[in-house]
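Have a look at the structure below, then the notes.
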Amino acid sequence: MNDRFAPLEQVIADRLAVGDAGSSYVAKLAAAGLPKVSQKVGEEAVETVIAALNESDSALVGEAADLLFHLTLLLQLRGLGLDDVAAELARRHGISGLAEKAARGGGPETE
């Protein structure tokens with residue numbers, strides 16, 4: 001994965017390994033379980049959309065950072081990482097978005 005995100009993944013991995021929910025937000029959220037972490041990803045996604053439509057660029061960047069943080073945690077809890085996402089994006093590179101979506105069983109009408 002891009003070295004820019006490696007520190008984020010490492011911090012999350014370290015805090016998950018220690019697992020001290022009393023002193024780590026990551027550990028506390030992970031201890032609440034995958035449904036809670038998934039909920040947080042959804043909340044951050046909505047906040048990102050709201051910021052994109054109604055707030056400043058800096059607010060949007062802040063919400064996007066929160067979204068990436070929570071998504072990275074979710075991926076790690078599933079045994080995945082940003083490298084897996086990068087590999088999927090690389091696999092899709094050069095394929096029409098419409099063709100890729102159709103291959104997954106979705107079409108333009110599902111957007």
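The values are calculated or read from the model by the stated rules, or taken from the named source; none is laboratory data. Predicted model only: the values in this text are computed from it and were never measured. Don't worry about glycine lacking a Cβ; one is built from the backbone with ideal geometry, like all the others, and counts go over all protein chains shown.
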Can you tell me how many residues within region 26-42 are on the phi < 0 side of the Ramachandran plot and without any contact (Cβ under 8 Å) to a residue 24 or more places away in the chain? 8
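Might you check whether a residue that is within 17 Å of Val11 (Cβ to Cβ) and either modelled with pLDDT under 95 or among the hydroxyl-bearing types (Ser, Thr, Tyr) (or both) occurs anywhere in region 59-81? Let's see the steps before the verdict.
So the first thing to find is which residues in region 59-81 are within 17 Å of Val11 (Cβ to Cβ), and the list is 65-77, 80-81.
The next check asks that each one be either modelled with pLDDT under 95 or among the hydroxyl-bearing types (Ser, Thr, Tyr) (or both); those that pass are 72.
Yes, region 59-81 contains a residue that is within 17 Å of Val11 (Cβ to Cβ) and either modelled with pLDDT under 95 or among the hydroxyl-bearing types (Ser, Thr, Tyr) (or both).
Which ones in region 81-102 are in a loop (DSSP other than H, G, I, E, B) and either among the polar types (S, T, N, Q) or loosely packed, with under 13 Cβ neighbours inside 10 Å (or both)? Even if it seems obvious, please write down each step before you answer.
Within region 81-102, the first condition is being in a loop (DSSP other than H, G, I, E, B), and the residues that meet it are 81, 93-96.
Correct list: His93, Gly94, Ile95, Ser96.
Is it the case, given these coordinates, that Gly105 is part of a loop (DSSP other than H, G, I, E, B) and at positive phi? Please lay out each step first, then the result.
Details: part of a loop (DSSP other than H, G, I, E, B): yes; at positive phi: yes.
Answer is yes for this residue.
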Testing Ser23 on (1) in contact (Cβ under 8 Å) with a residue 40 or more places away in the chain; (2) farther than 25 Å from Arg104 by Cβ; (3) of a type in the set (S, T, N, Q), one condition comes back false. Which one is that? (1)
Residues that are under 21 Å from Ala64 (Cβ atoms) and surrounded by fewer than 15 Cβ atoms within 10 Å (Cβ to Cβ), drawn from region 12-35: Tyr25
